Amino acid sequence: MKKKRLIPIVLLRNGWIVQSVSFKEYKNLGNPVFSVKRLSEWCSDELIYLDITQDGAKYDMRRDDIHMMNHSSISEIIENVSNSAFMPLCFGGGIRNIADIEERLRSGADKVSVNRALYKDPEFVKQAAKEFGSQCIIGSVDYVGEGENAKVFNVQTRSATDLNLIDFCKHVEDLGIGEILLNSVERDGLKTGFDIEQIDRISKLVRIPVIACGGCGNWEHLAEVFNKTDADAVAAANIFQHVDQSTYLAKEHLFQQGHNVRKPDFVEL
Amino acid sequence: MKVVILDYGSGNVGSLSNMLKALGYEYKVSNKEEDIIGSSHLILPGVGAFDAVMKKISGNIPMNTLLEEVLTNKKPILGICVGMQVLADYGYENGKHEGLGLIHGEVKQIDTKAILPHVGWNDIQINAESDLFLDMEDISDFYFVHSYHFLPTDKASVLATTEYGDKRFVSVVRRDNIMGVQFHPEKSQDVGKLLVRNFVEYSS
């Protein structure tokens, strides 16, 4: 039987891994490659890498003094990440055309995620899903507000759009994308738990898998998503960066409760 | 020991190369006659549609050399994903197309109500013992991405199956030195590594 997934999200800003609170504050956490290798060794099922670098900014970490690798482009980062992680990798951020997707896939990505293109350029998203297959395109949907009145959130302008979240999710499914990454902006970094009501609603509404994100503060919050909704995967960013063996412990928690997840194992070869 | 990843323009073989490197094997990505002859093991990767992949294979790989190495010299070969599917006689993606005919059978779309493609981690149920599964648990999870499946003519070719939705499909096939896996070992972390190790170390 197909397994439910546990997905760490790594946020990248100007070449650093960062922690985000409410999409506003960012704290640098470290090198983009080392952390990914650890997450892979700790039984993550997949990895989502979101590049939230503002347009025009540099990827260089400007730290030659500490002998860390300086990355000049997102492709180089993807290459380095895919060298150390034997699992499916998704990269998002700055994807506006077919060539952007080709570049990421060539560097070692298995999937890409699109965000603003979902409403700014739906024709491109449709074309991308057709050309690379639905499994290759994740629609990343940020939202604010509660219940049926929740609105899609524009990360660039940091404001809510007029788009109704529920209609929007149905619409992006019709574009042919393979999954929806549903992210509650208001819960980002708060550690108070997932927006269960909304995740439940959206995961019952669409046929494609929903990845729930936003608000994870402990392993039980992850279990709650699988207990109460039809989400196919749970994702979190901050919490997995702070605890040693984080994804392994999270997986073990889910496995021991009898959830349909991959057995957490360390196999030494 | 030298593993050759058959290069016919199938796209990214980075993870596969890195996995071989991590396991400490000498490897080369190549379509040259002398490399194929000089190899100890062959891997046929595959991403894309059956017909497109077959077209690229026949256009880029010296077919006579490949067939002689595999059929006459019995060199172990492992097909991955579409690389496994093209081992069949025929595939039905975008019309009927001829495959390599190395393991008899056909490749058809999975007939299921569940959503396609089948993407994600799923377990394989082992039907027949094989060196490929050495040190592996009975039910191990691998990473899959596909909409089509292999229907072997000879049931003895089926080494493992996997359940998806209301269907069970063939996930590992083998005929002598010719092996194929529907999943991506290079994306399946440790258990994927184990399978690749078993292929290289024990299937010769």
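The values are calculated or read from the model by the stated rules, or taken from the named source; none is laboratory data. Keep in mind the model is a prediction, meaning the values are calculated, not measured. Neighbour counts are summed over all protein chains in view; Cβ atoms, including those assigned to glycine, are modelled from backbone coordinates with ideal geometry.
Can you say whether residue A:48 is more than 15 Å from the chain's Cα centre (by Cα) and at pLDDT 90 or above, as far as the supplied structure shows?
Working: more than 15 Å from the chain's Cα centre (by Cα): no; at pLDDT 90 or above: yes.
No.
Does residue A:224 satisfy being without any contact (Cβ under 8 Å) to a residue 24 or more places away in the chain and touching a Phe, Trp or Tyr at 6+ places or on another chain (Cβ under 9 Å)? Show your work before the answer.
Working: without any contact (Cβ under 8 Å) to a residue 24 or more places away in the chain: no; touching a Phe, Trp or Tyr at 6+ places or on another chain (Cβ under 9 Å): yes.
Taking the combined requirement at face value, the residue does not satisfy it.
Got a sec? Which of B:113, B:155 is farther than 26 Å from residue A:5 by Cα, out of contact with any Lys or Arg (no Cβ under 8 Å at 6 or more places or on another chain) and either surrounded by 15 or more Cβ atoms within 10 Å (Cβ to Cβ) or among the basic types (Lys, Arg) (or both)? Steps first, answer last, please.
Values: B:113 fails: farther than 26 Å from residue A:5 by Cα.
Residue meeting the stated conditions: B:155.
Does segment B:12-22 include one or more residues that are touching a strand residue (DSSP E or B) at 6+ places or on another chain (Cβ under 7 Å), assigned to a helix (DSSP H, G or I) and under 24 Å from residue B:96 (Cβ atoms)?
Scanning segment B:12-22, I find no residue that is touching a strand residue (DSSP E or B) at 6+ places or on another chain (Cβ under 7 Å), assigned to a helix (DSSP H, G or I) and under 24 Å from residue B:96 (Cβ atoms), so the answer is no.
What strands (runs of 3 or more DSSP E) lie completely within segment B:99-179 and have 3 or more residues being away from chain A (no Cβ under 12 Å)?
On the way: elements: B:105-109, B:118-126, B:139-146, B:148-152, B:158-164, B:167-175.
In segment B:99-179, B:105-109, B:148-152, B:158-164, B:167-175 are the strands (runs of 3 or more DSSP E) which contain 3 or more residues that are away from chain A (no Cβ under 12 Å).
Taking only segment B:161-195 into account, find how many residues are more than 11 Å from the chain's Cα centre (by Cα) and under 17 Å from residue B:136 (Cα atoms). Give the steps one after another, and end with the answer.
If we filter segment B:161-195 for residues that are more than 11 Å from the chain's Cα centre (by Cα), which is where we start, we get B:161-170, B:175-177, B:186-195.
Add one more test, that the residue is under 17 Å from residue B:136 (Cα atoms), and what stays is B:161-162, B:186-195.
Summing the residues that are more than 11 Å from the chain's Cα centre (by Cα) and under 17 Å from residue B:136 (Cα atoms) in segment B:161-195 gives 12.
Restricting attention to segment A:236-258, report how many residues are within 14 Å of another protein chain (Cβ to nearest Cβ) and surrounded by 18 or more Cβ atoms within 10 Å (Cβ to Cβ). Lay out the reasoning, then the answer.
Let us first name the residues in segment A:236-258 that are within 14 Å of another protein chain (Cβ to nearest Cβ), namely A:247-248, A:251, A:254-255.
In the following step, the residues that additionally are surrounded by 18 or more Cβ atoms within 10 Å (Cβ to Cβ) were identified as A:247-248, A:251, A:254.
Counting residues in segment A:236-258 that are within 14 Å of another protein chain (Cβ to nearest Cβ) and surrounded by 18 or more Cβ atoms within 10 Å (Cβ to Cβ) gives 4.
So, in segment B:84-98, how many residues would count as being touching a strand residue (DSSP E or B) at 6+ places or on another chain (Cβ under 9 Å) and surrounded by fewer than 24 Cβ atoms within 10 Å (Cβ to Cβ)? It would help to see each step written out before you state the result.
Narrowing segment B:84-98 to residues touching a strand residue (DSSP E or B) at 6+ places or on another chain (Cβ under 9 Å): B:84-93, B:96-98.
Cutting the leftovers down to surrounded by fewer than 24 Cβ atoms within 10 Å (Cβ to Cβ) gives us B:89-90, B:92-93, B:96-98.
Residues meeting the conditions: 7.
Restricting segment A:76-93 to residues that are under 20 Å from residue A:15 (Cβ atoms) and touching an Asp or Glu at 6+ places or on another chain (Cβ under 6 Å), which is nearest to the other protein chains (Cβ to nearest Cβ)? Steps first, answer last, please.
Restricting attention to segment A:76-93, the residues satisfying the condition of being under 20 Å from residue A:15 (Cβ atoms) are A:76-85, A:89-93.
The next check asks that each one be touching an Asp or Glu at 6+ places or on another chain (Cβ under 6 Å); those that pass are A:89, A:93.
Details: A:89: 9, A:93: 20 Å.
It comes out as A:89.
Can you find, within segment B:29-55, the residue that is farthest from residue B:184 (Cα to Cα) among those that are buried (at least 16 other Cβ atoms within 10 Å of the Cβ) and charged (D, E, K, R)?
Applying the filter and picking the extreme gives B:35.
Any chance you could count how many residues in segment A:109-131 are in contact with a Leu (Cβ under 7 Å, 6 or more places away or on another chain) and more than 14 Å from residue A:51 (Cβ to Cβ)?
If we filter segment A:109-131 for residues that are in contact with a Leu (Cβ under 7 Å, 6 or more places away or on another chain), which is where we start, we get A:109-110, A:113, A:119, A:122, A:125-126, A:129.
Now narrow it down to the ones that are more than 14 Å from residue A:51 (Cβ to Cβ): A:110, A:119, A:122, A:125-126, A:129.
Selection size over segment A:109-131: 6.
In the set B:102, B:116, which member is in contact with a Leu (Cβ under 6 Å, 6 or more places away or on another chain) and within 27 Å of residue B:56 (Cα to Cα)? Please lay out each step first, then the result.
Values: B:116 fails: in contact with a Leu (Cβ under 6 Å, 6 or more places away or on another chain).
None of the others qualify; the one that does is B:102.
Here's a check for you: in segment A:1-15, which residue that is surrounded by fewer than 21 Cβ atoms within 10 Å (Cβ to Cβ) and not charged (D, E, K, R) is nearest to the other protein chains (Cβ to nearest Cβ)?
A:1
Can you name the residue in segment A:19-28 that is assigned to a strand (DSSP E or B) and over 21 Å from residue A:219 (Cα atoms) and is also farthest from the other protein chains (Cβ to nearest Cβ) among such residues? Write out each step before concluding.
Going through segment A:19-28, the residues assigned to a strand (DSSP E or B) turn out to be A:19-21, A:25-28.
Pick out the ones that are also over 21 Å from residue A:219 (Cα atoms) and you get A:25-28.
Details: A:25: 33, A:26: 30, A:27: 29, A:28: 28 Å.
It comes out as A:25.
Give segment B:23-53 a look and list any residue that's assigned to a loop (DSSP other than H, G, I, E, B) and among the hydrophobic types (A, V, I, L, M, F, W, C), or say none. Spell out the reasoning first.
Step one: of segment B:23-53, the residues assigned to a loop (DSSP other than H, G, I, E, B) are B:23-25, B:31-32, B:39-40, B:45-49.
Scanning segment B:23-53 gives B:23, B:47, B:49.
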